[in-house]
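Engineer: Would you mind keeping the following structure in view while I ask a few things?
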Amino acid sequence: MAIDPALPIIYVRHGETDWNAQGLIQGTIDTDLNEKGHVQAKAVAALLATHRNDWADFDIIVSPQRRARQTAEHVVRALGRSIDALDPSVRELGFGIWEGKPFWELKASPVYPADPEARFFWRPEGGESYEDGVARVNAWRAALTRPTLVISHGAVGRCLMGAVAGLGPRELVSLATPQGAYCRLENGSISWFDGVNDPA
């Protein structure tokens, strides 16, 4: 199936976890939202709820990982909805042997490319590259038939945003994925909204 670039996707990154706060690599490891993460999830849920009619026809798709599901619980409660599917296609990228280790250790390692473009193609031992992630999210996008609100993760979110906007490797790996906000992806554009920058 072909990807429909006009089909809107709302992307929400999960709220903060203790591992986020400590700078640890999560990847496939299940972690819980911390207190700040629940506050962020409630904030984005409330923001989405102010436009609830806009999302009435959207499927709500969630990563099966716990931090995403906990974020989704706040969102669906605020929208008066339920999760339509838990989909492993939008799980976080796997970081293989680096999961559980601090980001500074990875960045200081000689195996980690210094060049951003090379980082797009770098695959950690036992894990996935950004290139792998883009292939995964494009296969997922090609199967979509309805507007979709997806609650997912940071690295795979970069893959999704970069794929929609047609960004090159260097730009994709540098994309910000803020927590407590949502992103509208449609027709090649990336638009972030939070409590300050809101479309209302």
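Please treat every number below as a calculation from the coordinates, not as lab data. Bear in mind the structure is a predicted one, so any value in this text is a computation, not a measurement. Note that we place each Cβ from the backbone using ideal geometry, even for glycine, and neighbour counts take in every protein chain shown.
Engineer: Can you go through A135, A163, A155 and tell me which one is buried (at least 20 other Cβ atoms within 10 Å of the Cβ), under 17 Å from G94 (Cα atoms) and among the hydrophobic types (A, V, I, L, M, F, W, C)? Please lay out each step first, then the result.
Structural biologist: Details: A135 fails: buried (at least 20 other Cβ atoms within 10 Å of the Cβ); A163 fails: under 17 Å from G94 (Cα atoms).
Of the residues listed, the single one that is buried (at least 20 other Cβ atoms within 10 Å of the Cβ), under 17 Å from G94 (Cα atoms) and among the hydrophobic types (A, V, I, L, M, F, W, C) is A155.
Engineer: Within the set of pairs 6 or more residues apart or between chains, which connect a residue that is assigned to a loop (DSSP other than H, G, I, E, B) inside the stretch 22-35 to a residue that is among the acidic types (D, E) and surrounded by fewer than 17 Cβ atoms within 10 Å (Cβ to Cβ) with Cβ atoms less than 9 Å apart?
Structural biologist: I25/E105; T31/D18; D32/D18; N34/D18
Engineer: Please indicate, with yes or no, whether at least one residue in the stretch 168-184 is among the hydrophobic types (A, V, I, L, M, F, W, C), out of contact with any Lys or Arg (no Cβ under 9 Å at 6 or more places or on another chain) and in contact (Cβ under 8 Å) with a residue 24 or more places away in the chain.
Structural biologist: No, the conditions are met nowhere in the stretch 168-184.
Engineer: To continue, here is another question. Please determine whether any residue of the stretch 132-142 is out of contact with any helix residue (DSSP H, G or I) (no Cβ under 8 Å at 6 or more places or on another chain) and of a type outside the set (G, A, S). Quick ask: steps written out before the conclusion?
Structural biologist: Quick first cut of the stretch 132-142, residues out of contact with any helix residue (DSSP H, G or I) (no Cβ under 8 Å at 6 or more places or on another chain) only: 132, 135, 142.
Next, only the ones that are of a type outside the set (G, A, S) stay: 132.
The answer is yes, given that some residue of the stretch 132-142 is out of contact with any helix residue (DSSP H, G or I) (no Cβ under 8 Å at 6 or more places or on another chain) and of a type outside the set (G, A, S).
Engineer: Would you check if there is a residue in the stretch 97-112 being in a loop (DSSP other than H, G, I, E, B), out of contact with any Pro (no Cβ under 8 Å at 6 or more places or on another chain), surrounded by 14 or more Cβ atoms within 10 Å (Cβ to Cβ) and of a type in the set (F, W, Y)?
Structural biologist: yes
Engineer: For the stretch 60-84, what are the residues that are farther than 19 Å from A43 by Cα, within 16 Å of the chain's Cα centre (by Cα) and surrounded by fewer than 17 Cβ atoms within 10 Å (Cβ to Cβ)?
Structural biologist: Within the stretch 60-84, P64 is the sole residue that qualifies.
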